[in-house]
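*Asks:* This is the structure I want to talk about, given as structure tokens.
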Amino acid sequence: MTRVYVPRDSAALAVGAEAVAHAFVAAGCEVVRTGSRGLFWLEPLVEVETPEGRRAFGPATPGDVAAILAGGSPLALGDMAAHPWLAAQNRLTFARCGVVDPLVAPAFDALARAREMGPDALIAAVTASGLRGRGGAGFPVGVKWRTVREAAGEHKYVVCNADEGDSGTFADRMLMEGDPFALIEGLAIAAFAVGAGKGFVYSRSEYPHANATFAAAIETARTKGLLGSFDIELRVGAGAYVCGEETALLESLEGRRGQVRAKPPLPAHRGLFGRPTAVNNVLSLATVPWIVLNGGEAYAALGTGRSRGTMPIQLAGNVARPGLYEAPFGLTLREIVEDIGGGAATGRPVRAVQCGGPLGAYFPPALFDTPYDYEAFAARDGLIGHGGIVVFDDTVDMAAQARFALEFCAIESCGKCTPCRIGSTRGVETLDRVRAGVDVAGGLALVEDLCETLKFGSLCALGGFTPYPVMSAIRHFPEDFAFRPDGGGT
Amino acid sequence: MARVLEFDLGTPETVGEPIGLTIDGAAVTVPEGTSILRAAAVAGIAIPKLCATDSLDAFGSCRLCLVEIEGRAGTPAACATPVAPGMAVRTRSAQLDRVRRNVIELYLSDHAAHPDRGECELCAQAAALGVRGSRYAGGAAHDGLPCDESNPYFVFDPARCIVCSRCVRACDEVQGTLALTIEGRGFASKVSAGQDELFLSSECVSCGACVQACPTEALVEKAVLEVGPPDRSEVTTCGYCGVGCTFKAELRDDRLVRMVPWKDGKANHGHSCVKGRFAWGYASHRERVLEPMIRTSIGEPWRTVSWDEAIAHTAAEFARIEARYGAHAIGGITSSRCTNEETYLVQKMIRARFGVNNVDTCARVCHSPTGYGLKTTLGTSAGTQDFDSVEQADVIVVIGANPTDGHPVFASRMKQRLRALSEGGGGAKLIVIDPRRIDLVRTPHVRAAHHLALRPGTNVAVLVALAHVIVTEGLIDEAFVRERCAIEDFQAWAEHVAGPEHSPEATEAVTGVPAGELRAAARLYATGGAAAIYYGLGVTEHSQGSTAVMAIANLAMATGNLGKPGVGVNPLRGQNNVQGACDMGSFPHELTGYRHVSDEATRALFEAAWGAPIDPEPGLRIPNMLDAAVAGRFKALYVQGEDILQSDPNTKHVAAGLAAMECVVIHDLFLNETANYGHVFLPGSTFLEKDGTFTNAERRIQRVRRVIPPKNGFEDWEITQKLSTALGYPMAYEHPSQIMDEIARLTPTFASVSYDLLEREGSVQWPCNAAAPAGTPVMHLERFVRGLGKFVVTEYLATDEKVGPRFPLLLTTGRILSQYNVGAQTRRTENVVWHEEDVLEIHPHDAEERGVRERDWVQLASRAGSTTLRARITDRVAPGVVYTTFHHPSTQANVVTTDYSDWATNCPEYKVTAVQVAPSNGPTDWQERYEAMSARSRRIAPEPAE
Amino acid sequence: MSAAARPDRLIYMANQIARFFDDQPGDAAAGVAQHLKSFWDPQMRAEIVAWRAAGGEGLDPVAREAVGRLV
């Protein structure tokens, strides 16, 4: 019986992977469901096991199944490991994603090794790796763990932030669907490092497949005794972007309204239920097993400046080759957008890219030589964030994008702090007046004042970062804010 | 008197090592953990703020208090940032000013125009920052949303709300009810009571904390809207329950506008409940009687007379009765609602003028067993701790008390301590011993570790079983017992409780409490750290009330839970001044400070001061007076501020006793139920109209200040003084402070108390004397007042009130939050919207058996009598148990209670009555007869034409 | 009311007090007698004493003994 690998990743399912899988079953194949390898323009990407190894085809439809099995399909991609888009990557975090059956538990070698090392050596290794929080804040993971470990208290928690809400990002989801055990092992290692007995994974209701896969994986890990006395609970949020902010996430986990807490106290000191808590992103935790097995130095050897290791870059929007591309920090934005992404899907010139989610700055092509690392981006008021890059071609209306940023802030505001609660709505209203040609100069000045207030006055990054897309659009694309009676784009 | 203003330091006080820093170049030293905002306020630097207030934890939402800190990035909020050594803070800069003004502009863009009453903090901050309008005006706004006027006392106007969450946080942190929330997100965020309900229909308990916390008058008292903002205020003590909250009475001219809890009040720390905060309207209720009245017999209508005539008539009647029946036919009842000074004068008049000790007080029917039990075991008749002590408790045991209804302000503090457990803050575990599932058993963020739902009347059996576990499992604090207690008594007690017949397993059949649960509770109490017992009338109002109090003291001594903070034996006393009334010599066997009348030295002291001989024999207690009256030996009674007909048990017997008397003098605010049997009515003054002191449940003596002149013309002590003088025992005090000076001279535990001291200290807890000049928060620190603590054997004896085929259910009684005792005050306020009538709680099983449906009229009958009321079907009560309140005279729950009473003190057994419940179609014969009699008795003769 | 009327309530109260002291170590009757002296008004005591003198029907042994000591 021929074994065929068909992804069960949401991105593949969205383009018909389920029907393709059924067709292979109907054709008498043994179908193994995997995650996605992250080449979304090729999904559904199927692989057929042959004596020479796995051979890939994509994008496949049920109608292609017969030809694929007969060996004569024009969709043939050959050995994926040799595919240039994958071969050029440096897959550490996503090494198994798209390759393995996500529900078959691997040996937790890294956890075993971590236990041999003991918490102190373990935290030292993670610190030495230079791993920074992949959720967006970029805070050194080892330092956070040390703080929690040293915080007084009998009960501690580890919390995984899987509330992936940034537009154009999907790495957390891909990993939970494609290699949930990487996250489970990472969480267990984190718990061992900080001295926590219980872990929570806070996911989102928009990710039903990820949640189902992850829940099944937890059950397997529990049944197989992989976790020891440690336990993990999956919680699913109700669709608030702000619950991706760590303190709002903790409020939500405690059963309260998802509202940001003032810091201090830091969650590392007083977090979930008032106890010391390490809150880490999915990607941060899933990278930890590799660091444990290969050493902090090996990870730190990759990257540039203070941005060490690899980043799972997520390419989306109007781009020819969307998908997940894990590479060391240091590529230029142009290499990522033009060479890796292949430019705009429409074939038109790229006019702007937004990096780091809906609150990241817009980069014009003039800044495309910026190296992809935390510090270089910060120097241009940009954001690495969670690694999302959204591409726009030259039909984009940047005034509409600026308005969208404020509208996003208004919709997602938890309503706690005044600048965000009232200011975001006032910003939308003001930009609407500007776009309608009412006191354009006065309106833009007011938006600038508002952005200062949002940046310095907001309680959390939602309000605090909204000025970045707004002001970068105004600064780099001023022509879009001049009044045009037709209101359309250029 | 001017308006008393409180200064808001922004965030709560903290305790810690001193930390030095500079703010705008000025050096400041504050305790560790203090916020920059508070440190600046202490240094006299006002950082703009709206969402911060020092009664609530920092929230950090308004973003006005942003500051710059040298060496730190960004602009942190001063309210949420604690000080650090050497920190250099800048509170002003061009950027900070810009951001603050912009934030104010944002606020003003959604803040409806309103009349300036000087109370809106947003408008004040805008003015201070020089912001006159908003460039953002004209967009979406909350203007036009409906104003919630459902609560009888306050309104909520969303158009003025700035969503600072101070109300929501006050409901959470101060009150602990969590009725309020923010509904919606972002700009649509809106304060909401529950799931978009009206305040009145929500979980809101109308404590007023939200109204007080509101900075913009979005939540404001209706009285402020009607009368206008207050222009003067006076600090005084609440006249409702034994918590003794300090309030700022705020007035406009001579009209009381509102009562605002006082932050420096040591019992309430700025919190309040619906009664003290809002239910003061009775003081000007139309039914209040302001002129004296007399009549020759209770069949006649009342005749309004002058004060002189009323006093002269009363004196003549008392003199006649004394001449005919002897002084022993005369007695007085002091009031736990009146001041210490007034109470003192009543007992002084009875004892000194008539030479008898026939004086008693309403503590007879509530906490007299506490007096007896704690005096016997520990040496003094009072609770051992201050309220603050609860913050250090690790285990809290609540027995026969319902703090969230009866003592709501203290309950909120208790809940804070209990909630801390689930919130990771240390907290306390809770054990509830009560037949009924009181709210504390399950309330937001609080779950009792154990609820021992015992059968009514089996307190002593449960307490002894707890002791059995502690003794037999070796959980005794031996060092404490050896050092602090009389060892022979301990050994006798330990041997007694260790008997196998006292094990939880052996007593389970009687108490209904599962043995495993009881054992676990005993272990928790004995080994869970500092353990405090709080109890109420569910302990005292039994035939073994005094025994149960002693059993509680035994437990505390055996486990070393006395003589330090966080522990103790704490009676939750009912009335505002029930502790004081007892302290003031209101019991027939004791002079002030609990000294027995048989003690010659004490008598000599009083005889010298009063210039009259004191009877060395105890006088009659209230039930004894009524018995003696029925027997024809007791003829004249002066009742100050108590409605014994409604509040005392076995109403028919009380009525018979009163009817047998020849002169019943009612000194009260209203024609109460007892007044139906009265011959003289002397109008009383409210707590708002007099100077004096109240003593709360933690022995705290607090000033009551005259806020408005007495509508009836005199403060109550003046009326007693007039009567005494007319009776030939002149009194000539010019001010209550002189009465207190006399009390202090004659009472060792009050030796240092004076009005001057109270002005200086705010309040003090007795003993307050040379040994403890600042008073005594926690008693029995080094040794017990009686020397060695005395263990007393407490054998459980079943009450003679037993269920049987005729009366198969057990009735127990209690109170609810919005009403107070017999309701004389609260029924004459808007509080009736929460409790229009008393209802009978009955378990679904018992209701089913009797064909009783929700809201049906049912007849409640005991061997003493019967009454009708509506049924509420609930599993709060166990099968076999029914429950009601006694707030309404139309129900007269005490028609069914019996005359069984505590063996030691005659405190009535209100908490256990065997009853039957049956569907009914209307009032009982008694209710109809009484109603008719009452209507007749209340007639007042029309004024004769001039 | 004549002295011969049976003082049911006082008998009940005295017996109730006696039942408590009966369980205490030491001289129970002394405890009861002291309690009656401390808390009962002389008329009540006189009435119960008279009842005992007239036979004391209804008084339990400890109560009877204690009332006897009041004289």
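The values are calculated or read from the model by the stated rules, or taken from the named source; none is laboratory data. Predicted, not measured: the structure shown is a model, and the values here were computed from it. All Cβ positions, even for glycine, are placed from backbone atoms using ideal geometry, and neighbour counts span all protein chains on display.
*Asks:* Restricting attention to strands (runs of 3 or more DSSP E) lying wholly within region B:175-258, give those where 2 or more residues are in contact (Cβ under 8 Å) with a residue 24 or more places away in the chain and away from chain A (no Cβ under 14 Å).
*Replies:* Filter on region B:175-258 gives B:219-221, B:232-237, B:246-252.
*Asks:* What is the residue count in region A:321-370 for residues that are hydroxyl-bearing (Ser, Thr, Tyr) and assigned to a loop (DSSP other than H, G, I, E, B)?
*Replies:* Qualifying residue count, region A:321-370: 2.
*Asks:* Here is a further query. How about region B:629-646: which of its residues are out of contact with any strand residue (DSSP E or B) (no Cβ under 9 Å at 6 or more places or on another chain) and either modelled with pLDDT of 95 or more or within 13 Å of chain C (Cβ to nearest Cβ) (or both)?
*Replies:* B:VAL630, B:ALA631, B:GLY632, B:ARG633
*Asks:* Moving to a separate point now. How many residues are within 25 Å of A:ALA217 (Cβ to Cβ), surrounded by 24 or more Cβ atoms within 10 Å (Cβ to Cβ) and touching a helix residue (DSSP H, G or I) at 6+ places or on another chain (Cβ under 9 Å) if we restrict to region A:245-271?
*Replies:* Residues in region A:245-271 being within 25 Å of A:ALA217 (Cβ to Cβ), surrounded by 24 or more Cβ atoms within 10 Å (Cβ to Cβ) and touching a helix residue (DSSP H, G or I) at 6+ places or on another chain (Cβ under 9 Å): 3 in total.
*Asks:* Taking A:VAL100, is it touching a residue at least 60 places away in the same chain (Cβ under 8 Å), closer than 30 Å to A:ALA461 by Cβ, buried (at least 17 other Cβ atoms within 10 Å of the Cβ) and β-branched (Val, Ile, Thr)?
*Replies:* No; evaluated as a whole, the condition is false for this residue.
*Asks:* Residues B:PHE784, B:PHE791: which one is modelled with pLDDT of 95 or more, farther than 30 Å from B:ALA918 by Cβ and of a type outside the set (D, E, K, R)?
*Replies:* Only one candidate passes the filter, namely B:PHE791.
*Asks:* It is to be established whether one or more residues within region A:276-287 are within 13 Å of chain B (Cβ to nearest Cβ) and touching a residue at least 60 places away in the same chain (Cβ under 8 Å).
*Replies:* Yes, region A:276-287 has at least one match.
*Asks:* If you go through region B:800-818 one residue at a time, do you hit one that is surrounded by fewer than 22 Cβ atoms within 10 Å (Cβ to Cβ), in contact (Cβ under 8 Å) with a residue 12 or more places away in the chain, part of a loop (DSSP other than H, G, I, E, B) and on the phi > 0 side of the Ramachandran plot?
*Replies:* So far as region B:800-818 goes, no, none of its residues is surrounded by fewer than 22 Cβ atoms within 10 Å (Cβ to Cβ), in contact (Cβ under 8 Å) with a residue 12 or more places away in the chain, part of a loop (DSSP other than H, G, I, E, B) and on the phi > 0 side of the Ramachandran plot.
*Asks:* Out of region B:124-166, which residues are assigned to a loop (DSSP other than H, G, I, E, B), hydrophobic (A, V, I, L, M, F, W, C), away from chain A (no Cβ under 13 Å) and touching a strand residue (DSSP E or B) at 6+ places or on another chain (Cβ under 9 Å)?
*Replies:* B:LEU145, B:CYS147
*Asks:* Something else now. Check whether at least one residue in region A:224-231 is buried (at least 24 other Cβ atoms within 10 Å of the Cβ), more than 23 Å from A:LEU103 (Cβ to Cβ) and either without any contact (Cβ under 8 Å) to a residue 12 or more places away in the chain or assigned by TED's automatic domain parsing to the domain that holds A:VAL158 (or both), and report yes or no.
*Replies:* No, that holds for no residue.
*Asks:* Suppose we keep only residues that are among the hydroxyl-bearing types (Ser, Thr, Tyr) and assigned to a helix (DSSP H, G or I) within region B:458-510. Which one would you say is surrounded by the fewest Cβ atoms within 10 Å (Cβ to Cβ)?
*Replies:* B:THR472
*Asks:* For B:GLY371, which of the numbered conditions (1) away from every other protein chain (no Cβ under 14 Å); (2) closer than 24 Å to C:PHE39 by Cβ; (3) modelled with pLDDT under 95 fails to hold?
*Replies:* Only one criterion in (1) away from every other protein chain (no Cβ under 14 Å); (2) closer than 24 Å to C:PHE39 by Cβ; (3) modelled with pLDDT under 95 is unmet by B:GLY371, namely (1).
*Asks:* Would you please name the residue that is surrounded by the most Cβ atoms within 10 Å (Cβ to Cβ), looking only at residues in region B:283-309 that are of a type outside the set (Ser, Thr, Tyr) and part of a helix (DSSP H, G or I)?
*Replies:* Going through the qualifying residues, I end up with B:ALA283.
*Asks:* Can you report the number of residues in region B:760-787 which are over 25 Å from the mean Cα position of the chain (by Cα) and part of a strand (DSSP E or B)?
*Replies:* Qualifying residue count, region B:760-787: 4.
*Asks:* Could you grab me the full set of residues in region A:243-263 that are free of Cβ contacts under 8 Å to residues at least 60 places away in the same chain, more than 9 Å from chain B (Cβ to nearest Cβ) and assigned to a loop (DSSP other than H, G, I, E, B)?
*Replies:* Correct list: A:GLY255, A:ARG256.
*Asks:* Sticking with this structure for a sec: Within region A:437-444, is even one residue in a helix (DSSP H, G or I), at the interface with another protein chain (Cβ under 9 Å from one of its Cβ atoms), without any contact (Cβ under 8 Å) to a residue 24 or more places away in the chain and farther than 16 Å from B:CYS62 by Cα?
*Replies:* Yes, that holds for at least one residue.
*Asks:* Picking from B:ARG621, B:ARG595, which residue would you name as being within 14 Å of chain C (Cβ to nearest Cβ), surrounded by 21 or more Cβ atoms within 10 Å (Cβ to Cβ) and among the basic types (Lys, Arg)?
*Replies:* Matching residue, one of B:ARG621, B:ARG595: B:ARG621.
*Asks:* For the list (1) farther than 23 Å from B:SER754 by Cα; (2) touching a helix residue (DSSP H, G or I) at 6+ places or on another chain (Cβ under 7 Å); (3) surrounded by fewer than 24 Cβ atoms within 10 Å (Cβ to Cβ), I need the number of the one condition that B:GLY332 fails.
*Replies:* Of everything listed in (1) farther than 23 Å from B:SER754 by Cα; (2) touching a helix residue (DSSP H, G or I) at 6+ places or on another chain (Cβ under 7 Å); (3) surrounded by fewer than 24 Cβ atoms within 10 Å (Cβ to Cβ), B:GLY332 misses just condition (3).
*Asks:* What's the total number of residues in region C:39-56 that are more than 13 Å from chain B (Cβ to nearest Cβ) and either under 12 Å from the mean Cα position of the chain (by Cα) or part of a helix (DSSP H, G or I) (or both)?
*Replies:* 6
Residue-by-condition table, conditions (1) charged (D, E, K, R); (2) in a loop (DSSP other than H, G, I, E, B); (3) under 19 Å from the mean Cα position of the chain (by Cα):
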| residue | (1), (2), (3) |
| --- | --- |
| A:TRP85 | no, no, no |
| A:LEU92 | no, yes, yes |
| A:ALA95 | no, yes, yes |
| A:VAL100 | no, yes, no |
| A:ILE123 | no, no, no |
| A:GLY136 | no, yes, yes |
| A:MET176 | no, no, yes |
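*Asks:* Please find, within region A:450-473, the residue that is nearest to the other protein chains (Cβ to nearest Cβ) out of those that are out of contact with any Asp or Glu (no Cβ under 8 Å at 6 or more places or on another chain) and within 18 Å of A:ASP397 (Cα to Cα).
*Replies:* Among those residues, the one meeting the criterion is A:THR466.
*Asks:* Check region B:898-916 and report whether any residue there is small (Gly, Ala, Ser) and more than 32 Å from the chain's Cα centre (by Cα).
*Replies:* Within region B:898-916, not a single residue is small (Gly, Ala, Ser) and more than 32 Å from the chain's Cα centre (by Cα).
*Asks:* Being within 8 Å of the chain's Cα centre (by Cα) and part of a loop (DSSP other than H, G, I, E, B) narrows it down to one residue among C:LEU59, C:LEU10, C:LEU36, C:LEU70; which is it?
*Replies:* Just a single option satisfies the conditions, and that option is C:LEU59.
*Asks:* I would also like to ask the following. Give region B:885-920 a look and list any residue that's within 14 Å of another protein chain (Cβ to nearest Cβ) and part of a loop (DSSP other than H, G, I, E, B), or say none.
*Replies:* B:THR898, B:ASP899, B:TYR900, B:ASP902, B:TRP903, B:ALA904, B:THR905, B:ASN906, B:CYS907, B:GLU909
*Asks:* Of the residues B:VAL235, B:VAL224, B:VAL220, B:VAL205, only one is surrounded by fewer than 24 Cβ atoms within 10 Å (Cβ to Cβ), more than 27 Å from B:GLY713 (Cβ to Cβ) and under 19 Å from the mean Cα position of the chain (by Cα); which?
*Replies:* B:VAL205
*Asks:* Run down B:PRO923, B:PRO879 and say which single residue is in a loop (DSSP other than H, G, I, E, B) and either small (Gly, Ala, Ser) or modelled with pLDDT under 85 (or both).
*Replies:* The conditions single out B:PRO923.
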